Structure formats: structure tokens, C-alpha cells
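Here the structure is laid out as C-alpha cells; the discussion comes afterwards.
The values are calculated or read from the model by the stated rules, or taken from the named source; none is laboratory data. Values in this document were obtained by computation on a predicted structure and should not be read as measured data. Don't worry about glycine lacking a Cβ; one is built from the backbone with ideal geometry, like all the others, and counts go over all protein chains shown. Ligands, DNA and RNA are stripped out before the accessible areas are found, and what is left, the full protein with its side chains, is counted by its heavy atoms. Shrake-Rupley method; radii C 1.70, N 1.55, O 1.52, S 1.80 Å.
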Amino acid sequence: MVNLGNPPMVATTSSFVAIATIFLLSHLYRIDAQIGVAYGREGDNLPSPQEVVNLYKSNGIGAMRIYFPDQETLKALQGSGIKLTLGVGMDEIQSLRSQSVADQWVQTNVVPYISSVEIKYIVVGNEIKPSDPHASSIVPTMQNILNALNRNNLGDRIKISTSIGTELVINAYPPSNGQFSDVAYMTPIIKFLNDNGSPLMANIYPYFAHKFGPNDISLEYALFTMPYEKAVTDFNNGLKYQNVFDALADATYAAIDKVVRASALKTSIVAENMLGASNGGISLMTSESGWSSRRRGFGVTRHNVRRLQGGGGATVENAKTYYTNLIEHVKKGTPLRPGKPIETFLFVMFDEDKKNGDSDEQNFGLFTPNMQPKYGSLNFGG
């Protein structure tokens, strides 16, 4: 979890060509505010993949994230029109350092489905830390999968990224001070994304920021309900923050910016001039964000709200408020990137009774395992 602190031209012909290229690419791969839902499988009472796909469609959910290439799910998605973010299984990452293994992975999990499933992203790793055994394999695996996609003329169609946890961002208060805790780890990742027009994916959880720091992160700051007169000011640039989601996102943007500038990535300099984005136009995508509806011993009645403020605020009412406000908010961008929508995946489709950790980890679902909505009719269409 990020520590947020206390909330108190003369151009040459070649440069014009480069600018035009970046401009066209920025429109080709424009990140919209599409809302998707992550499809987790850590439950022993979940509906079948076909039932799940039907539930996505009936609720107007246009994008799905899965964490490994489950063949039954891929088959169920055929012809559905649902945009897919396809994860590489954690147990596959290191083996995909071999180009031949990566070639086979693409032949098995992408090529047979690409004509009937809109695979938009491939994600290599979820919240990998620099000290993890998989860490040194992230960039080689991304590159090998890209090579395999290119051999099948799919490299321009499917973007490859990795999903980080915001605990990799330190000095995040004020947000403009944000930086990566391990620059050596993140620099080749940012370079790969920059070179290939891919977004950086981040799991952003105001829920945990409040749960573990209720004295610093108030419930209203976490739930998008803080009034403007109480907004937190970034003393470096004067920007005001009414919610911790924006603060976490902009701290991550600031960290990206520092890597880009330190690395002097050439395309980023051109994009900065053209797009007005100091990080060279590298987009941030929310690969997970959610709120738990219940924690054992908490969340049983609305009368527990005061008591819950020290325990994560895990109530159905708070979860509904968070999801409703998040869906609307990501269309607007952040104070540092106003008007730049953030493509976002809500976490997660179902309550998962086999999740490890505190009991609240099992209650992030938007639906119960019997496919009943927990929060009424959310506007997944954004």
C-alpha cells in the first residue's frame, strides 16, 4: 500500500514526421473510460464460464480480465463481443523466457480465438515485486510474447503490459513526489511500454489505503465523497485532491514521469511536445479496483458504520458508493491528467470463498456466486 501521508519550435521535417506518427498512434491506441470486470476463479461454488459470459452480456459489461488462459472461458467468449484482457498464469511466466515456449503459448491461447474473441491486452504478471522470483522474467517474457504476436501479424492489434501494485510507488504524498521504490526494476518495464505504445496497468485500492490507515485516509476521501473545501492540496503544483484514487493514480503518473525523464526515452520527448503529457503519453490503466462488502465481525448492519471506520469500512452501502462513484469518476481523468479517461477493471465479478487473507478478501464480488447482484443495477457502460 502506498504511504500517502497526512492529507493537509522550430522543428525539422523529421521531427514533424515523428510528431505526426505519435499523434496517429495516440489516436489508434487511445485509452477510453471503458469499465470492465475482473473474473476471478478462487471460489468453489462459482457458475460455469458460459454462464459467466452470459451474465457479463446481460449486464452490459463490455470487458473481462482473466488471470490465466482458461480454455473453457476463451471458448465461451467466442462471438460475445466482450473485450478480453488475457493474463499469463503466474506459473507460466518464467518458462516463457524461452522464445519457443512463448511461440507455443500464443499458438495455443491466442491464434485459435483471435477471429472470434477481441483480445485487447495480454498481461504478464500481477503485482510482482522486485524481490519475487518472477521479477527478472517480466520484460523478457513480454518481449517474447510480442515476438510471437508479430510472427502472426498480431503485434499491432494486441498490447502487452504488466500489472503492478501501488506499493511499488513511494513518497506518494504529495502525489507529484511519487517515485518507484525500485527504479532499476521499473525502468526496463517502462521502456518496453513506451516503445510499444502500451499502458502501465496498476491495481489501485483506496479500500486498503483506508483500512490500514484510517487516521490518514478518511472514509469520505476513499469513497469519492469529500467536499471540495476539504480537498488536499499538492504543495508542489497547487492541484487539489478530493479522493485517494486520484492521489494514487497521479503518484504513479509522477513515478512514470521520473523514469521517462531519467531514461531520456526519445519517443516520449516528441509525445510530450505533441500531447502535453510529461510522461510521454504512457497511459495508466486500472487493472483492479474494488471495495469489500463484508469483513467477519463487521458489515452486518448499517449501525456498524462508525465501528467499521477502523476496519476498512467493509459494508454493502460503502461498496455500492465506491463502485458507483468510481465508474463515473474515471471518465474525467485525474488532476494531473484532466480529461484523460482511465480504462478500469472493477474487482471482482464474484465473492470468492477460497481467497487467502482477511475475511474481507472474500467479499469483493459484484455478484454472489448464484449470480445475484449485490449492489442493484450498476452502470457498467460508464
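Overview of values
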read-out: The stretch 337-365 residues that are of a type in the set (S, T, Y), paired with ones that are outside any loop (DSSP other than H, G, I, E, B) (beta carbon under 8 Å, 6 or more apart); value: T344/I35; T344/G36; T344/M285; T344/T286; T344/S289; T344/L326; T344/I327
read-out: Enumeration of residues in the stretch 230-263 that are assigned to a helix (DSSP H, G or I), aliphatic (A, V, I, L, M) and surrounded by 15 or more Cβ atoms within 10 Å (Cβ to Cβ); value: V244, A247, L248, A249, A251, A254, A255, I256, V259, V260
read-out: Members of the stretch 321-357 that are assigned to a helix (DSSP H, G or I) and surrounded by fewer than 18 Cβ atoms within 10 Å (Cβ to Cβ); value: T324, N325, E328
read-out: Test: residue in the stretch 120-143 that is open to solvent by less than 20 Å² (accessible area, probe 1.4 Å) and part of a loop (DSSP other than H, G, I, E, B); value: yes
read-out: Residues of the stretch 78-113 that turn out to be under 26 Å from I164 (Cα atoms) and either touching a Leu at 6+ places or on another chain (Cβ under 9 Å) or of a type in the set (D, E) (or both), as a count; value: 11
read-out: Residue tally, condition open to solvent by 20 Å² or more (accessible area, probe 1.4 Å) and in contact with a Phe, Trp or Tyr (Cβ under 7 Å, 6 or more places away or on another chain), over the stretch 160-175; value: 0
read-out: Residues (out of contact with any Ser or Thr (no Cβ under 9 Å at 6 or more places or on another chain), within 10 Å of Q50 (Cα to Cα) and either in a strand (DSSP E or B) or aliphatic (A, V, I, L, M) (or both)) located in the stretch 64-88; value: L74
read-out: Test for M1: is it more than 16 Å from the chain's Cα centre (by Cα), at pLDDT below 95 and open to solvent by 20 Å² or more (accessible area, probe 1.4 Å); value: no
read-out: Test: residue in the stretch 85-93 that is under 25 Å from L46 (Cβ atoms), surrounded by fewer than 19 Cβ atoms within 10 Å (Cβ to Cβ) and more than 20 Å from the chain's Cα centre (by Cα); value: yes
read-out: Qualifying residue in the stretch 56-72 (condition: open to solvent by 10 Å² or more (accessible area, probe 1.4 Å), among the aliphatic types (A, V, I, L, M) and over 15 Å from the mean Cα position of the chain (by Cα)); value: no
read-out: Lone qualifier among N59, N45 - being under 21 Å from K374 (Cα atoms) and either at pLDDT below 95 or of a type in the set (S, T, Y) (or both); value: N45
read-out: Extreme residue, farthest from T166 (Cα to Cα), among residues of the stretch 264-301 that are in a loop (DSSP other than H, G, I, E, B) and modelled with pLDDT of 95 or more; value: S293
